[in-house]
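Take a look at the structure set out below.
The values are calculated or read from the model by the stated rules, or taken from the named source; none is laboratory data. If you're wondering where the values come from, they're calculated on a predicted model, not measured in any experiment. These accessible areas exclude ligands, DNA and RNA; they are computed on the full protein's heavy atoms, side chains included. Shrake-Rupley method; radii C 1.70, N 1.55, O 1.52, S 1.80 Å.
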Amino acid sequence: MKTDIILAGVGGQGILSIAAVIGHAAVSKNLYLKQSEVHGMSQRGGDVQSHLRISDKQIASDLIPLGSADLILSVEPMEALRYLPYLSGQGTVVTNLTPFNNINDYPSIDDLNKRIKQLPHSIALDADAIAKQAGNARASNIVMLGAASPYIHISFESLEDGIRQLFGKKGTEVVEVNLQALRAGRAYTEAYQK
């Protein structure tokens, strides 16, 4: 069992939190985990990406070779497309549709959506709207994790436990809102797959 994941987004969108939840879940299942440091200009709203590798066998490198990622989990649509060279032929893109328009020549959202829909394996959702419905507009990154969870070879319950570990010090209410966001994202993908 292995899952190679590219986490992509813009600084401040919660890439580190996604990685931490997955990391807690993987460690709790005695899986091997390697993560590259987050690259990008997170302080300035620049692009941010990280490689996250999970396996039941030892992992030699924290970097995912081009053409071999199982999953691109992106909290921003243009960033999902930026890392397509890493995706394997059978890999899946799970991306938020809400743009973070931080550059002058940002592509039209219609063009981005068209390109995402042309991918053989993709799920695109408005994670911001789903997060608001789940009780916290700031939890769109956790919605995205939930939406991608069927493609991560770790049990959903372990991801829920990862939420509890990561957010436990912030109190029960914060944990519950993030669990609701995770479950809402998962429900979206399950409905989409039917």
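Quick notes
- Solvent-accessible surface (1.4 angstrom probe) belonging to residue 152, in square angstrom, nearest 10: 10
- Antiparallel %, DSSP beta bridges [both residues in the chain], to 5: 55
- Mean sequence separation of contacting Cα pairs (under 8 Å, at least six apart), scaled by the length of the chain, corresponds to a relative contact order of 22 percent.
- Note on the range 48-116: Rg/Rh from Cα positions, Kirkwood definition for Rh, rounded to two decimals, is 1.03.
- Carbon/sulfur fraction of accessible area - the chain, other protein chains in place, 1.4 Å, %: 49
- Qualifying lysines (Cα of each under 20 Å from Cα of residue 117; at least 8 residues distant if same chain): 194
- Ranking 53, 164 by solvent-accessible area of protein heavy atoms (1.4 Å probe, all protein chains present), from largest to smallest, gives 164, 53.
- Size of the range 125-194 from its Cα atoms: along the principal axes, largest to smallest, the extents are 36, 26, 13 Å.
- Ordered by solvent-accessible area of protein heavy atoms (1.4 Å probe), largest first, the residues 82, 138 come out as 138, 82.
- Calculated over the range 94-151, the projected area of the Cα convex hull averaged across directions stands at 4.5 nm².
- Calculated [θ] (222 nm, deg cm²/dmol) that DSSP helices of n ≥ 4 give over the chain, each run adding -39,500 (n - 2.57): -13000 deg cm²/dmol
- Rounded to the nearest 10 square angstrom, residue 74 shows an accessible area of 0 square angstrom against a 1.4 Å probe.
- Bridging of residue 114 to aspartates and glutamates at a Cα separation below 18 Å is possible for 76, 79, 105, 126, once same-chain residues fewer than 8 apart are set aside.
- For residue 34, the aspartates and glutamates whose Cα falls under 19 Å of its own Cα, not counting residues fewer than eight places away in the same chain, are 4, 56, 62, 70.
- Heavy-atom accessible surface of the chain, averaged per residue, reaches 49 Å², computed with a 1.4 Å probe.
- The range 1-94 - Rg (one decimal) and Dmax (whole number), Cα, Å: 12.6, 37
- Whole-Å semi-axes of the chain's equivalent ellipsoid (Cα gyration tensor): 22, 21, 16
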